[in-house]
Protein chains: 2
Amino acid sequence: MGNAPKHRQAILEAAVRLFRQQGYAATGLSEILAASGAPKGSLYYYFPNGKAEIGLAAIELAAEKVAATLSALAANGARPEKIVARYLDMVGNWMRQSAYADGSPITTIVLEMASRDDKIREAAADAFRRWAAILEHAAVEHGCEPTQAAETARVTIALIEGALIQCRVRRSVDPLSEAAAQVKILFRETDLRRRCGHSC
Amino acid sequence: MGNAPKHRQAILEAAVRLFRQQGYAATGLSEILAASGAPKGSLYYYFPNGKAEIGLAAIELAAEKVAATLSALAANGARPEKIVARYLDMVGNWMRQSAYADGSPITTIVLEMASRDDKIREAAADAFRRWAAILEHAAVEHGCEPTQAAETARVTIALIEGALIQCRVRRSVDPLSEAAAQVKILFRETDLRRRCGHSC
DNA sequence: CGTATTATGGCGACCGGTCTATATGCGATC
DNA sequence: GATCGCATATAGACCGGTCGCCATAATACG
């Protein structure tokens, strides 16, 4: 990581931003280079496999950043719904700042490439798994039954992705707060099911 | 509708399928023509505004088909969670048949174009609104408080979109059944809130 | 000073969407 | 009946931009 030359990181961060905003196919390599300030020839030196390698690396970088953010929010032993609420609050601010151009950092490229590039598909699956694992762990820490906690965590990730789509389409952050409210209900329900058997 | 010449519909349906599987930018007009069997010159005769017009029409067609399916499932006065469960069951079969290539018919192109083409963005917003309205109506019919029903319906649509993404990435229909289970919880909770004030 | 590694600019083949010019069918008119 | 005109329908060619690679320059090092 630290041994990565200077321009490589600039290219990757520009790629993450552009892929997130307009997708993989619509983003030209020249556009990435212009945004990153890196010289043209550097691209195939740092990424010998071309665009596909950049796409994969961009997903891994974005996945890592989200995981780090979630981990930070989970560090002080917060309840899972609180982690989600805080995260969605942050994301909402980013969306407003970008005029609703930024969505999920990986969804767009994943939908384009899921059927075409297995490496990208698996990297995305890994990302979603890692994010859900953080929520799952927090839920279990707070006493939820492990199997139920895992399922609720996975659904929560899906709900967040869906809410981000709605935000871009409606140019509003309302879907995020609505999602946060429902996530709260889901985790509370998961908790109740542990305590009193099934449903109250 | 019925006055639409024969090839126009073929082009549109091919476009819907290809846009759904690989996105807007990655799909070439020549690819659409090859898949539809329509001659090359017909494209700019039926769609004078070019690719953008095809994209918009494809979204509207896909949105209409989903709305029709949901309406059919809601016709006999089923509960909203039942509508969702039945719909997700159908979608799961389609996904298996396409080897997890088909996802949401509009999400991919919407994420690519939301920041670039307002017409497409608004068409997508309209589609989501219509789908949610069907669920909302069913919920209200079954006694849910209108405001709560609307919110739960919107969140349900978001959750479905998110679950479809997970299916493509994980090559599995499990996310759909998990989503259906949670949707059931959400609508039941919406119902309870009506009956006993807040939470049980 | 020579060699290996790092880093880069430019070139070529190719494919994209777009448009203009042409064919085909058919009813009206002389 | 022949010709004209119009709407429908189509094929081909254009221009621009794309990705990918190679020849070359700058740097580090023995």
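At 7 angstrom along the Cα-to-beta-carbon line, where would the label on residue B:78 sit relative to the other copies? Give the distances in nm, shortest first.
Sorted ascending, the copy-to-copy spacings read 3.8 nm.
For the Cα atoms of chain A, what angle does the longest principal axis make with the long axis of helix A:6-22, in degrees from 0 to 90, nearest 10?
Approximately 60 degrees, to the nearest 10.
Name the residues of region A:12-35 whose accessible area, probed at 1.4 Å, falls by at least 20 Å² once all protein chains are in place instead of their chain on its own?
Buried on complex formation: A:22, A:25, A:26.
Taking the Cα centre of the protein assembly as shown as the origin, how large is its charge dipole in debye, to the nearest 20, when only Lys and Arg (+1) and Asp and Glu (-1) carry charge on their Cβ atoms?
Dipole of the protein assembly as shown, to the nearest 20 debye: 100 debye.
Relative to the Cα centre, what is the charge dipole magnitude of region A:43-106, using +1 at the beta carbon of each Lys and Arg, -1 at the beta carbon of each Asp and Glu, and rounding to the nearest 20 debye?
My answer is approximately 200 debye.
Which listed residue (A:182, B:69, B:115) has the Cα farthest towards the positive end of the charge dipole for the protein assembly as shown, taking +1 on Lys and Arg C-beta and -1 on Asp and Glu C-beta about the Cα centre?
Final value for the positive-end residue is B:115.
Would you kindly work out, in nm and rounded to one decimal, the distances from the label point of residue B:94 to those of the same position in each other copy, ordered shortest first, with label points 7 Å along Cα-to-Cβ?
3.1
Students often forget the sequence filter, so: which lysines lie under 25 Å Cα-Cα from residue A:51 once same-chain residues fewer than 8 apart are removed?
A:6, A:40, A:65, A:119, B:51
What percentage of the solvent-accessible surface of the protein assembly as shown, computed with a 1.4 Å probe over protein heavy atoms, is contributed by carbon and sulfur atoms?
51 percent
Using +1 at the C-beta of Lys and Arg and -1 at the C-beta of Asp and Glu, which of A:105, A:162, A:92 has the Cα lying farthest in the positive direction of the dipole of region A:55-196?
A:92
Report, for residue A:41, each distance to the same residue's label point in the other copies, shortest first and in nm; define the point 7 Å along Cα→Cβ.
4.8
Compute the separation of the alpha-carbon centres of region B:67-101 and region B:147-173 and state it in Å as a whole number.
Between the Cα centre of region B:67-101 and that of region B:147-173, the gap is 12 Å.
Could you tell me the total accessible area buried at the A-B interface, probe 1.4 Å, in square angstrom to the nearest hundred?
In total, this chain pair buries about 4200 Å².
Treating only the Cβ of Lys, Arg, Asp and Glu as charged (+1, +1, -1, -1), what charge dipole size does region B:59-196 show about its Cα centre? Round to the nearest 20 debye.
For this selection, approximately 340 debye.
Would you mind getting the accessible area per residue of chain A, heavy atoms of the protein chains only, 1.4 Å probe, in Å²?
The answer is 43 Å² per residue.
Over region B:13-93, what is the mean sequence separation of C-alpha contacts under 8 Å (at least six apart), divided by residue count, expressed as relative contact order in percent?
25 percent
Say the cut-off is 19 Å between C-alpha atoms; which of B:82/B:184; A:184/B:82; A:82/A:184 go over it?
Checking Cα-Cα distances, A:184/B:82 exceed 19 Å.
Rounded, prolate or oblate: which one fits the protein assembly as shown, using the alpha carbon gyration tensor with axes a ≥ b ≥ c (rounded when a/c is under 1.5, else prolate when a/b beats b/c, else oblate)?
It comes out oblate by the Cα gyration axes.
Under a 10 Å cutoff between Cα atoms, tell me which one of B:80, B:146, B:175 has the largest fluctuation in the Gaussian network model of chain B.
Taking springs between Cα atoms under 10 Å, the residue moving most is B:146.
Can you give me the relative contact order of chain B as a percent, contacts being Cα pairs under 8 Å and 6 or more apart?
Reported relative contact order: 23 percent.
For chain A, what is the calculated [θ] at 222 nm in deg cm²/dmol (nearest 500), taking -39500 (n - 2.57) for each run of four or more DSSP H residues and dividing by its residue count?
-25000 deg cm²/dmol
The values are calculated or read from the model by the stated rules, or taken from the named source; none is laboratory data. A quick note: this is a predicted structure, and the numbers were derived from the prediction, not measured. For neighbour counting, all protein chains shown are included, and Cβ atoms are generated from backbone atoms with ideal geometry for every residue, glycine included. With ligands, DNA and RNA removed, areas are computed over all heavy atoms of the protein, side chains included. Shrake-Rupley method; radii C 1.70, N 1.55, O 1.52, S 1.80 Å.
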